[in-house]
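Colleague: Quick one: this structure, given as structure tokens, is what I'll be asking you about.
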Amino acid sequence: MTETEEVQKDRRTVIMSEIMTPDKVNFYGYIHGGYILQLLDRVAYACAARYSGKNTVTLSVDQVFFKEPIYVGELVIFYANVNFVGSTSMEIGIRVVAENLFTSQSRHTNTCYFTMVAVDEKGKPTKVPSLELRNELEKRRFQAGIIRRENRLKMRKTK
Ligand SMILES: CC(C)(COP(=O)(O)OP(=O)(O)OC[C@H]1O[C@@H](n2cnc3c(N)ncnc32)[C@H](O)[C@@H]1OP(=O)(O)O)[C@@H](O)C(=O)NCCC(=O)NCCS
């Protein structure tokens, strides 16, 4: 099986790329953070819907830091993965890489975590398939997802 076929077959991952065009810049000339957030939300949806086979909505997104600017002309690649699955919710981790098309140099600009909830036709949470953990990396990601989820739930209680 080719690498592309393997990625397509693995329904817990999505890779999406987008070229950064001049109409998406902020007043300083970097790519708008809001535009990147929109793309992140889109890829999180695609990943969660693809894995669960259900309609999903965004419940939360953990703090997103833009520690590095993204420039016009760069190819931004979003690597999304289902890290953790609860009963109706899924944590999607997204690694963002910006690549200079001419030099092929790439930079990891940020990583963030979306919580997506599968919903039925009435908009109520509905069960998703449990996540089979096939190797050490998946087990580590799942455990880290549990800890982040506990922190989110704690924050909900304190609000
Ligand atoms: C997402 C939504 C369907 C959840 O409905 P709800 O009645 O609050 O759902 P529940 O309390 O049953 O929780 C559903 C899941 O989310 C999880 N969850 C809820 N609040 C959470 C929080 N603060 N942190 C982490 N997980 C949370 C629950 O643990 C549960 O997961 P599990 O089934 O895997 O254990 C509902 O809040 C909604 O429709 N929100 C709007 C979504 C939307 O429009 N998003 C776009 C933003 S404009």
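The values are calculated or read from the model by the stated rules, or taken from the named source; none is laboratory data. Quick caveat: nothing in here was measured; it's all calculated off a predicted structure. Counting neighbours? That spans all protein chains shown, and the Cβs are built from the backbone with ideal geometry, glycine included.
Colleague: When the range 89-125 is examined, which residues are found to be within 10 Å of the ligand (Cβ to nearest atom) and touching a helix residue (DSSP H, G or I) at 6+ places or on another chain (Cβ under 9 Å)?
Modeller: Ser89, Met90, Glu91, Thr115, Met116, Val117, Ala118, listed by residue number.
Colleague: Which members of the range 140-155 meet the condition of being within 14 Å of the ligand (Cβ to nearest atom) and of a type outside the set (Gly, Ala, Ser)?
Modeller: Once the filter is applied, which keeps residues that are within 14 Å of the ligand (Cβ to nearest atom) and of a type outside the set (Gly, Ala, Ser), the range 140-155 yields Phe142, Ile146, Ile147, Arg148, Arg149, Glu150, Asn151, Arg152, Leu153, Lys154, Met155.
Colleague: Now, a different point. If you take the residues in the range 47-68 that are away from the ligand (no atom under 15 Å from the Cβ) and at pLDDT 95 or above, which one is farthest from the chain's Cα centre (by Cα)?
Modeller: Only one residue tops the list, namely Gly53.
Colleague: Across the range 4-26, what is the number of residues that are part of a helix (DSSP H, G or I) and not polar (S, T, N, Q)?
Modeller: 7
One line per residue, one yes/no per condition, for (1) buried (at least 16 other Cβ atoms within 10 Å of the Cβ); (2) not in a strand (DSSP E or B):
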position	(1), (2)
Leu59	no, no
Lys67	no, yes
Val72	no, yes
Tyr79	yes, no
Asn83	yes, no
Ser87	no, yes
Ile92	yes, no
Thr103	no, yes
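Colleague: Moving on to the next point. Answer yes or no as to whether Thr158 is surrounded by 13 or more Cβ atoms within 10 Å (Cβ to Cβ) and either within 16 Å of the ligand (Cβ to nearest atom) or closer than 20 Å to Gly34 by Cβ (or both). Explain how you work it out, then say what you get.
Modeller: Numbers: surrounded by 13 or more Cβ atoms within 10 Å (Cβ to Cβ): no; either within 16 Å of the ligand (Cβ to nearest atom) or closer than 20 Å to Gly34 by Cβ (or both): yes.
No: the conditions fail for Thr158.
Colleague: Could I ask something else about it? Determine which single condition Leu137 fails, assuming it passes every other condition in (1) more than 9 Å from the ligand (Cβ to nearest atom); (2) within 27 Å of Asn55 (Cβ to Cβ).
Modeller: Single failed check for Leu137: (2).
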